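These notes concern the structure reproduced below.
The values are calculated or read from the model by the stated rules, or taken from the named source; none is laboratory data. Everything quoted here is computed from the prediction, not taken from an experiment. Please note: Cβ atoms are built from the backbone with ideal geometry, for glycine as well, and neighbour counts cover all protein chains shown. Ligands, DNA and RNA are stripped out before the accessible areas are found, and what is left, the full protein with its side chains, is counted by its heavy atoms. Shrake-Rupley method; radii C 1.70, N 1.55, O 1.52, S 1.80 Å.
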Amino acid sequence: MKVRRVFQRALKFIFIGAAVLVGVLIIALGAFPWGVLKGVLEKQASEKIGQTVTIGSMKRQGPWSLTPTIIVENLTARQALWAGEGNLATVEKAAIRAPAIPLLWGDLQPTAVDIAGMQLNLVRNEEGRKSWSAEPPSDTVDDKASAKPTLRMLTIRNSRIAYADAKRKRRFMAEIRSDATGFILSGEGSIREEPVTILARGAPVVKSAYGKPWPFYAEIAGDAVGMTFEGEMEGPLDVGRLTAAATAHGDDLMLIDAIIEAGLPETQPVTLTANVERASPDWRVTGLKGTIGRSDIAGDATIERRNARTIITGALAAEKFDFDDLSNAEGRRIAAQKRARFGPRVFPDTAIDLDNIDDTDGTLHIRVKELLWPGPSPFRSLDASIKVDHQLLTVENLTLGLTHGRMTGRVVVDQREGATVLDLALETGDARFADFFPSTKIEAPMAGHIRLAGPGRTVREAIGRSTGSLAIVAEDGVIPANVAALLGQDVGKGVMVDSDKEATLNCLIARLEVKEGQASPSPIVIDTSRAVTKAEGSIAFADETLSLQLTGAPKQGALLRFDGAIPVSGVIKKPKVSLPEKADTVGEVLEMIGEAIIDDQGEKAVPVNCEELIVAALR
């Protein structure tokens, strides 16, 4: 019993002692002379920005308090040498009220700030290096939820901010003020050399506004580019939690991208409206509507940040869409120069590298009701799901509506190993030959496939290096009778037969085996009621040049038959058919006429097994 009483008495003294110690620490903390930490704070701030920070004076103001007010005077932060002369920041005087306990651990949670005479000069260079941070350049956006602001009072006067960003080609100079009349930042600058004015305003940042919806308005205004946000934050300056109605316009989507840094492409002039909601670090965009050139878009999307990656999930739809709108005036000028230099091309020079989305994943469903083209095209509509996963882009469930029939399949762009590889797997069914090749005047059902894979940073470059196969088949149709005769190398009937007359197209089979961009007929054959024609040679997909020889034979007697192969050169879009070598001289032409008179024009064509060849071509 005696031992027990001694033990209880000892515990009592310990608890009393601990309580006294805590009380003494609290009293000492409330009266702590914060000015003695001036050197420590200078060192920590200098290490954070990588430049020398000096504080003229620092002291606690007012009576004992666990949320003291600290007065800082004549603060100066030197500018980085690479960013120019002068200072990064100067502050004549700042009064900061904050809880004392977090301050001991270097965690500043201000509840009231009063700043006078602040000058900021923020610079980012072309590599993304920031003059206000010692950390190396990075485009990575923090994917942690931002802490709610603790600020309940904010007063700013006689203060300015200058900002110059060489990487995004944007700059501004603005005055900033916060008092009982409200918060306002206003100034002027430029985005990609286009002049703009900037404005951001909100309700007063006062104690009575804390924890309540805080209305705000932000605007970048210019003739070439502009954007507005109008809505509410959950509390004063709580940019991590807000809802707003947004508008944007630009002569080019790249101008808007210079503001929001989303990796958007160059385009024709654009206008957009949407509702946005942010719950840091994520965004949700709903009711997106707008136009790009003569195209329209609408949709919704969620943008999340997880493990230093952006994840986009959403859907976009368009009543009308023109892929040419995904190129600005300069892009169109360059494309026109290429057409003038290299001539017309089938394979587009569209960039497919994924460098701008190397940290982006997600799924986006795309639906276009009507595709617009500068000229005739069989492609009418588009429906697909686009998935991106660590630089593997897959266009799944792809359906291209045609004038007749449709093309389905998938497209893959794989950049996971560094090089960009394009993989096409497309099937065409229920189509019509004349929709794709109207100048031939061949009317027939058509089917086919494209199965090609190759490396390249554009569609044209990848197909120019591809390996695989390409097939087109048509059967049970009609062909102009004079064309059918010429395909059988019967020049006489080709010239004499009325162009309005038709022959039967039994089958047209064109299968190309492709290896490293070189395509070889396997086979190319045309069987009509008048003749059978075959092609041999090669097609170079890199420059789309043709090196083919046509050989044909009539099924009946010829009026005037050319003997030998007919060379076909030029490019896919503009083939050049030459006369056979035997037709080079008048004497040789007379010889062919003589052969026609004595009916000595070689063997007649034997019909091919169309069904068997079609099955083999589409395998």
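Before we move on, is residue 129 crowded, with 17+ Cβ neighbours inside 10 Å and over 22 Å from residue 260 (Cβ atoms)? Write out each step before concluding.
On the way: crowded, with 17+ Cβ neighbours inside 10 Å: yes; over 22 Å from residue 260 (Cβ atoms): no.
Here the answer is no, as residue 129 does not meet what is asked.
Being closer than 23 Å to residue 149 by Cβ, of a type outside the set (S, T, N, Q) and not in a strand (DSSP E or B) is the filter here; which residues of segment 170-221 pass it?
180, 203, 204, 205, 206, 207, 209, 210, 211, 212, 213
Which pairs have Cβ atoms under 9 Å, sit 6 or more apart or on different chains, and link a residue in segment 249-262 that is assigned to a strand (DSSP E or B) to one that is polar (S, T, N, Q)?
Pairs that qualify, where the first residue is assigned to a strand (DSSP E or B) and the partner is polar (S, T, N, Q), are 249/271; 250/267; 250/271.
So if I check each of 76, 67, 90, 54, which one is open to solvent by 20 Å² or more (accessible area, probe 1.4 Å), in a loop (DSSP other than H, G, I, E, B), of a type outside the set (A, V, I, L, M) and in contact (Cβ under 8 Å) with a residue 12 or more places away in the chain? Working first, answer last.
On the way: 76 fails: in a loop (DSSP other than H, G, I, E, B); 90 fails: in a loop (DSSP other than H, G, I, E, B); 54 fails: in a loop (DSSP other than H, G, I, E, B).
On inspection, the qualifying residue turns out to be 67.
So which residues in segment 265-287 are among the hydrophobic types (A, V, I, L, M, F, W, C) and open to solvent by 40 Å² or more (accessible area, probe 1.4 Å), if there are any at all? Outline the logic, then answer.
First pass over segment 265-287, keeping only residues among the hydrophobic types (A, V, I, L, M, F, W, C): 270, 272, 274, 276, 279, 283, 285.
279, 283, listed by residue number.
Scanning for something more than 26 Å from residue 467 (Cβ to Cβ), free of Cβ contacts under 8 Å to residues at least 40 places away in the same chain and in contact with a Pro (Cβ under 8 Å, 6 or more places away or on another chain), does segment 381-403 turn up at least one residue?
The answer is yes, given that some residue of segment 381-403 is more than 26 Å from residue 467 (Cβ to Cβ), free of Cβ contacts under 8 Å to residues at least 40 places away in the same chain and in contact with a Pro (Cβ under 8 Å, 6 or more places away or on another chain).
I'd like to check something: does segment 431-440 contain any residue that is touching a strand residue (DSSP E or B) at 6+ places or on another chain (Cβ under 9 Å) and part of a strand (DSSP E or B)?
Within segment 431-440 (the criterion being touching a strand residue (DSSP E or B) at 6+ places or on another chain (Cβ under 9 Å) and part of a strand (DSSP E or B)), the answer is yes, since at least one residue qualifies.
May I ask you to list pairs of residues, at least six apart or on different chains, whose Cβ atoms are under 7 Å apart, with the first in segment 456-482 being under 23 Å from residue 431 (Cβ atoms) and open to solvent by 40 Å² or more (accessible area, probe 1.4 Å) and the second being outside any strand (DSSP E or B) and of a type in the set (Ser, Thr, Tyr)?
From residues that are under 23 Å from residue 431 (Cβ atoms) and open to solvent by 40 Å² or more (accessible area, probe 1.4 Å), there are no pairs.
Which of the residues spanning segment 325-348 are touching a strand residue (DSSP E or B) at 6+ places or on another chain (Cβ under 8 Å) and open to solvent by 70 Å² or more (accessible area, probe 1.4 Å)?
326
Matching residues to (1) part of a loop (DSSP other than H, G, I, E, B); (2) over 26 Å from residue 572 (Cβ atoms); (3) of a type in the set (Asp, Glu):
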residue: 314; (1), (2), (3): no, yes, no
residue: 349; (1), (2), (3): yes, no, yes
residue: 366; (1), (2), (3): no, yes, no
residue: 390; (1), (2), (3): yes, yes, no
residue: 396; (1), (2), (3): no, yes, yes
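Give the residues of segment 222-239 that are of a type outside the set (A, V, I, L, M) and either assigned to a strand (DSSP E or B) or more than 25 Å from the chain's Cα centre (by Cα) (or both), sorted by residue number. Spell out the reasoning first.
So the first thing to find is which residues in segment 222-239 are of a type outside the set (A, V, I, L, M), and the list is 222-223, 226, 228-232, 234-236, 238.
The answer is 226, 228, 229, 230, 231, 232, 234, 235, 236, 238.
For segment 103-125, indicate whether the set of residues that are assigned to a loop (DSSP other than H, G, I, E, B) and touching a Phe, Trp or Tyr at 6+ places or on another chain (Cβ under 7 Å) is non-empty.
Going residue by residue through segment 103-125, those that are assigned to a loop (DSSP other than H, G, I, E, B) are 105-111, 125.
Remaining after also requiring touching a Phe, Trp or Tyr at 6+ places or on another chain (Cβ under 7 Å): 125.
Yes, segment 103-125 has at least one match.
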